[in-house]
Amino acid sequence: MPVPFSLEQQVAIAAVRRACALTTTVFNKLVAGETLVKGDKSPVTVADFSAQAVINTILSHAFPDDPIIGEEDSADLRAPTKESELLRSRVVELADEILVQPPLFFPRGVDEDEVVVGGSGERPEWGLGRRWGAEALLKAIDRGNYAGGRLGRMWTLDPIDGTKGFLRGGQYAVCLALLVDARVELGVIGCPNLPQITNDSGGDNKGALFIAVRGHGARQLPLSPSALSTQVRVNMPHLALHDLSFLESVEKAHAALDTNARVAARIGVRGAPVRMDSQAKYAALVRGDGGGGVYLRLPVAGGGKGGNGGYQEKIWDHAPGSLLVEEAGGVISDSRGRPLDFGLGRTLGENFGVVAARKEVHAQVIEAIQAVLAETEGEAEGEGTAVRTVPNFWLR
Ligand SMILES: Nc1ncnc2c1ncn2[C@@H]1O[C@H](COP(=O)(O)OS(=O)(=O)O)[C@@H](OP(=O)(O)O)[C@H]1O
Ligand SMILES: [Mg+2]
Ligand SMILES: [Mg+2]
Ligand SMILES: [Mg+2]
């Protein structure tokens, strides 16, 4: 059966693979001064900028009419300062080193059922095999400035999801998705530090690529391109509740980890939580790594130090991961059980938190979240304190 978006798959796989080659090289050579702190206090490195330049260059040559919603922009690279100039020339050097490599050609990609799928063949007309220089690459980064919306084709790009994880040598992911009329149709996630084999310690096995196409399942293949790479279908395993572990953020400021623990206790989950940066969590979830059967991300209460009350999830942080979950047999929603809405612009707007799991478990988690939040509200009121630990809007 022909798989839809076959060309898009091929382009997205090539783009993510090249970006991952870049980030891996940068990690081994990152020096002081190559990381900035953005306005929202989060880090960004030369690898984030140059990976966005590489992917956007490829996308805008392969699909010139498609807008892109990318996390980064070039403002910090254009400032008239010495630091900015140094950063800019490093970004240009890194991106051009990857783009100049000649296109790889593999005749076809097949999965274990011999279905012809988007393989790893590349074409020169995707902007490959040549250097582009500063102006073109900064422009390519800024092609990611699209505002998003309900209608039409558009790509979401997180050139490094989990920059903090990347910096500490932990998990991170290069994440690309194609949306059509606000529905994710294709998702590709490159995880350079994730072992290809579940629960393997890594070593030579590190580097996995995940692809999901709506209606056509989820697959994994090695991150390194090779003519022999076979795609393996990924299906979320059925795990008993007490065998599950929650998959959650490493950063306390990104998710209410204490509330997660109460939800876990309420439904009888005994396993210790597995903490991992980035959408590598979705990859671990669909493979059942470490017993992880639930992805749980609840907003942290309050807007003060360490709190993220009012934070709106970005669509590039969940678009490919959400399709991966659905195509591997799982369910994904916000913490109230509502579908994630990718049509509101660059953020998920009024969605609060994210929950992903197999259907039966998902329903139990949503129920437990509401019960725990109601309990917490009650406790806060009982203490007569003016400061609530949970914002009211969760309970609406
Ligand atoms: N305040 C706040 N609340 C919630 N989420 C936030 C917040 N700030 C940032 N982010 C986004 O979190 C992305 C990192 O994903 P995770 O939280 O899954 O990983 S981590 O363990 O926190 O690193 C991270 O993605 P990257 O910026 O691509 O690393 C952010 O988009
Ligand atoms: Mg970031
Ligand atoms: Mg991110
Ligand atoms: Mg990022």
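Worth a mention:
- Odd one out for GLY39, checked against (1) away from ligand 3 (no atom under 16 Å from the Cβ); (2) part of a loop (DSSP other than H, G, I, E, B); (3) more than 22 Å from LEU128 (Cα to Cα): (1)
- Selection within segment 130-152 - open to solvent by less than 40 Å² (accessible area, probe 1.4 Å), in contact with a helix residue (DSSP H, G or I) (Cβ under 8 Å, 6 or more places away or on another chain) and either outside any helix (DSSP H, G or I) or acidic (Asp, Glu) (or both): GLY144, GLY148
- Being farther than 17 Å from VAL11 by Cα and among the polar types (S, T, N, Q) is a property that does not hold for THR57.
- Selected residue (criterion: farthest from PRO195 (Cα to Cα)) from residues of segment 216-270 that are in contact with a His (Cβ under 8 Å, 6 or more places away or on another chain) and open to solvent by less than 40 Å² (accessible area, probe 1.4 Å): GLY268
- Given (1) closer than 18 Å to GLY162 by Cβ; (2) assigned to a loop (DSSP other than H, G, I, E, B), index of the condition LEU285 fails: (2)
- Among the residues making up segment 265-282, those that are more than 16 Å from ligand 4 (Cβ to nearest atom) and either of a type outside the set (Lys, Arg) or assigned to a loop (DSSP other than H, G, I, E, B) (or both) are ALA265, ILE267, GLY268, VAL269, ARG270, GLY271, ALA272, PRO273, VAL274.
- For segment 44-78, a tally of residues being open to solvent by less than 10 Å² (accessible area, probe 1.4 Å), of a type in the set (A, V, I, L, M) and more than 14 Å from ligand 2 (Cβ to nearest atom) returns 7.
- Consider segment 153-173 and keep the residues that are more than 20 Å from VAL188 (Cβ to Cβ) and not in a loop (DSSP other than H, G, I, E, B). The one that is farthest from ligand 1 (Cβ to nearest atom) is LEU167.
- Residue within segment 181-190 that is more than 16 Å from ligand 2 (Cβ to nearest atom), over 15 Å from the mean Cα position of the chain (by Cα) and on the phi > 0 side of the Ramachandran plot present: yes
The values are calculated or read from the model by the stated rules, or taken from the named source; none is laboratory data. Predicted, not measured: the structure shown is a model, and the values here were computed from it. Because the Cβ atoms are built from the backbone with ideal geometry, glycine has one as well, and the counts that use them run over all protein chains shown. Keep in mind that these areas ignore ligands, DNA and RNA; they rest on the heavy atoms of the full protein, side chains included. Shrake-Rupley method; radii C 1.70, N 1.55, O 1.52, S 1.80 Å.
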